[in-house]
Ligand code: ARG
């Protein structure tokens, strides 16, 4: 780096960037968050240069020691990469220059900011994958714990927002849990594709220096070097894929948030959210508003927007590196900053909520949601299902005309509709009876949901193992 000039590329220029152009193009305000990855990648490069003879052992050690000093300075807030530099790579190199002089200039041999930034962004995403995965895992555990407590809590199951068939709260919560388990699995798999190291690609075509790409990849925790130097610097699929995983996760959170919002409304009253996650009104003293759930629902918009923003950023780009790519980071950072707290808050909200089993049970009273079970009864007595459906439809119509519900039916009334109805037919009308009958794998019967919870634990174990391999390669 040329002493006073804060650019890495000043040599061929007579003039300077206009202040407006400078302000427009600088990225340090965003990419300073990559400082740890930058120092790690620089140290790995220096060590590799020492091993391959591109630097003497003494030179390599001096660079590594100075990088460690910079690490400690930033951590102790003695020095921080500041706005005077174009990006994190320039800022760190300048600091290195201040510490060890011209030797700092040897570090940039055989590498480019193009392969550096692609490497460091991957490392950053990988690290945050760990944070997100841990939060998501705890959310799944919370849902499974609640499901375990509510294996026998009946509630209306809905289609088209209409009462359809009785289910248990456990089955309903596990349905959400499976969506989050898929999100976790997607995180692990996206991680596999991301985990290739661009270093050694240089600006775009590779390098004539004896860079040991295997060593760099291993040192920085990657599975292997990226196979094509041009793809290595041009590829941001891992950002897009990650943003997709986050957007879909936010959509899942938003759907759950929407149910909590509805269920905490007085018309439902299934759940009361804790004071910790609700707010009052400045004008209406009685209000208890589910703001955190609403914000989670609302912030899914940011995650969806950032995903589409990233795809738009990539769509017209010719190979290889283009400066447009710099703008992947604000999208990525803002999304992660939103998604991780959303997952944590959803878990806390579920943990602290008070569930009202009585209200859920009461919602099944007179809602006709065991009509299917009544039809199934006739099927078990040999009546074809289509016919049984029509007969029970007639029973429902009669009830509605008389202003009564299935619970009010007598055996005599049933038998008027079909002679195969016997005394035990009245049991079919009980929601818990209908629930207990659905013992099929994946069904809502308590023992089936219990099996499902065990299955979820197994799946989570497998995904955790995949994630561990990604996050702790050595
Ligand atoms: N700040 C840049 C980015 O984040 C680093 C790479 C710049 N490379 C270049 N040739 N201008 O993408």
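For the stretch 197-206, a residue qualifies if it is away from the ligand (no atom under 15 Å from the Cβ) and either closer than 9 Å to residue 229 by Cα or part of a loop (DSSP other than H, G, I, E, B) (or both), and the qualifying residues are 200, 206. Can you work out which of the residues in the stretch 246-269 that are touching a strand residue (DSSP E or B) at 6+ places or on another chain (Cβ under 7 Å) and touching a residue at least 12 places away in the same chain (Cβ under 8 Å) is farthest from residue 126 (Cα to Cα)? That would be 264.
So which residues in the stretch 97-118 are within 37 Å of the chain's Cα centre (by Cα), away from the ligand (no atom under 11 Å from the Cβ) and under 17 Å from residue 204 (Cα atoms)?
Within the stretch 97-118, 108, 110, 111 qualify.
Going through the stretch 452-474 one residue at a time, which ones are within 18 Å of the chain's Cα centre (by Cα) and either under 18 Å from residue 178 (Cβ atoms) or free of Cβ contacts under 8 Å to residues at least 12 places away in the same chain (or both)? The answer is 456, 459, 460, 461, 462, 463, 464, 465, 466, 467, 468.
Going residue by residue through the stretch 229-249, is there one that turns out to be assigned to a loop (DSSP other than H, G, I, E, B) and under 29 Å from residue 323 (Cα atoms)? Yes, the stretch 229-249 contains a residue that is assigned to a loop (DSSP other than H, G, I, E, B) and under 29 Å from residue 323 (Cα atoms). Criterion first (within 16 Å of the ligand (Cβ to nearest atom) and crowded, with 21+ Cβ neighbours inside 10 Å) does residue 154 satisfy it? In short, no. Taking the stretch 251-274, which residues are surrounded by fewer than 20 Cβ atoms within 10 Å (Cβ to Cβ), more than 23 Å from the chain's Cα centre (by Cα) and not in a loop (DSSP other than H, G, I, E, B)? Listed by number, the residues that qualify are 262, 272. Restricted to helices (runs of 4 or more DSSP H) entirely inside the stretch 410-474, those with at least 3 residues that are within 30 Å of residue 222 (Cβ to Cβ) are 446-471.
Rundown of residues vs (1) in contact (Cβ under 8 Å) with a residue 40 or more places away in the chain; (2) touching a helix residue (DSSP H, G or I) at 6+ places or on another chain (Cβ under 7 Å); (3) at positive phi, yes/no style:
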| site | (1), (2), (3) |
| --- | --- |
| 184 | yes, yes, no |
| 213 | no, no, no |
| 222 | yes, no, no |
| 227 | no, no, no |
| 230 | yes, no, no |
| 238 | yes, yes, no |
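I'd like to know if the stretch 151-171 contains one or more residues that are under 23 Å from residue 462 (Cβ atoms) and touching a residue at least 12 places away in the same chain (Cβ under 8 Å). Yes: one or more hits. For the stretch 69-89, taking the residues that are outside any loop (DSSP other than H, G, I, E, B) and surrounded by 22 or more Cβ atoms within 10 Å (Cβ to Cβ), the one that is farthest from the chain's Cα centre (by Cα) is identified as 70.
Counting the residues of the stretch 84-96 that are away from the ligand (no atom under 14 Å from the Cβ) and either without any contact (Cβ under 8 Å) to a residue 12 or more places away in the chain or over 14 Å from residue 39 (Cβ atoms) (or both) gives 1. Note on the stretch 313-388: enclosed helices (runs of 4 or more DSSP H) holding 2 or more residues that are buried (at least 22 other Cβ atoms within 10 Å of the Cβ), in contact (Cβ under 8 Å) with a residue 60 or more places away in the chain and more than 16 Å from the ligand (Cβ to nearest atom) are 328-352.
Any read-out appearing in this document is the output of simple, stated calculations on the displayed coordinates, not a laboratory observation. The structure presented is a predicted model; accordingly, all values stated were derived computationally and were not measured. Counting neighbours? That spans all protein chains shown, and the Cβs are built from the backbone with ideal geometry, glycine included.
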